[in-house]
Amino acid sequence: MEESGGGSWRDSYKGMSSDNIKGLVLALSSSLFIGASFIVKKKGLKKAASTGTRAGVGGYSYLYEPLWWIGMTTMLLGEIANFAAYAFAPAILVTPLGAVSIIISAVLAHIILREKLHIFGILGCALCVVGSTTIVLHAPQEREIDSVLEVWNLATEPAFMFYASLVIGAAVFLIFRFVPQYGQTNVMVYIGICSLVGSLSVMSVKALGIALKLTFSGTNQLFYPQTWIFTLVVLTCVITQLNYLNKALDTFNTAIVSPIYYVMFTSLTILASVIMFKDWDRQNGTQIVTEMCGFVTILSGTFLLHRTKDMVEGSSVILPLRISKHTDEEEGIPLRRQESLRAP
């Protein structure tokens, strides 16, 4: 009886494919680079502030600080690795791993910047690790795609076209109806736009990444007009996403924006990937439920870490929702997607 049970478990879990392993390594490398980049940039900002006007009050002396540029270069390397990860692994594996950079930032801030990590922050890091491990072990295998035309066919199926129409319609409605009245008072308006558009940007980035991967492997995809259509969609979505994310960060507190954005962005990206690439069609119910449990565990860890990152031992100070426009740029270590797409 026990052998039968063990055999069924081995049948349901066949291990990670080589593409999934490549995507995992690239995603973790991206987390390492981007998580470390926040620390390096912050040290550069502090050093620049000691000799010039602080960035938080409109100064640009950090542009002359080599440490800040090293941090920006490190972040760029992380974004490149993240872009490549989507070409090898499904979004349901890559996107949630963005939380790993939070752990790296928090730990490095504790060691290098001497910023105290609250006991609940340590628990949040542990939850992120457990959730990420759960998703990695049960993530679906990457779909075999031989041409960008296959991705285009997936993107133009009725189910995903319906989803994309809803997303675009909702984003346009928020921009023209809610932003003028509620953008400065309700954090969900800006974050909603970023998350909706972000889910489409990740699908387009994945399509473009697959096209480039096939091109570099010898099957040129650059002569297909669909490749350039995906590129145009990426640029449009990225510009829109960054614009409203910057508005959210400029208006509301980082500790509020980060976890809400992570939850909405990651949830919508997973939903888009499930619809477009049919990730769950290759899995059984147990694997899907396990992945969702891992995702909820990451969300819990992310929320706990950000909610307690400004608390001191024995204190229960919680930051207010709103902050002034000229908040110090050095405040806290932000979630990776605040200054980057992370997906893209």
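Just by accessible area at a 1.4 angstrom probe, what is the order of Trp228, Trp152 from largest to smallest?
From most exposed to least exposed: Trp228, Trp152.
Of all the accessible heavy-atom surface of the range 222-286, with the other protein chains kept in place and a 1.4 Å probe, what percent is carbon and sulfur?
C and S fraction of accessible area: 73 percent.
How would Thr156, Thr215 rank on accessible area, largest to smallest, probe 1.4 Å?
The ordering from most to least exposed comes out as Thr156, Thr215.
Need one value: the accessible area of Tyr224 in square angstrom, 1.4 angstrom probe, rounded to the nearest 10.
Here the residue's solvent-accessible area equals roughly 50 Å².
Take the alpha carbon atoms of the range 118-259, find their radius of gyration, then divide it by 2.2 N^0.38 Å using N residues; give the quotient.
So the range 118-259 has a normalised radius of gyration of 1.28.
Given axes a ≥ b ≥ c from the Cα gyration tensor, I'd like to know whether the range 188-256 is rounded (a/c under 1.5), prolate (a/b larger than b/c) or oblate.
prolate
Could you do me a favour and compute the accessible area per residue for the range 137-284, 1.4 Å probe, result in Å²?
43
Let me check something: with ligands and nucleic acids excluded, how do Arg143, Arg177 order by accessible area (1.4 Å probe), largest to smallest?
These residues rank, largest area first, as Arg177, Arg143.
The values are calculated or read from the model by the stated rules, or taken from the named source; none is laboratory data. Please read all numbers here as calculations on a predicted model, not as lab measurements. Heads up: the accessible areas ignore ligands, DNA and RNA and are worked out on the full protein's heavy atoms, side chains in. Shrake-Rupley method; radii C 1.70, N 1.55, O 1.52, S 1.80 Å.
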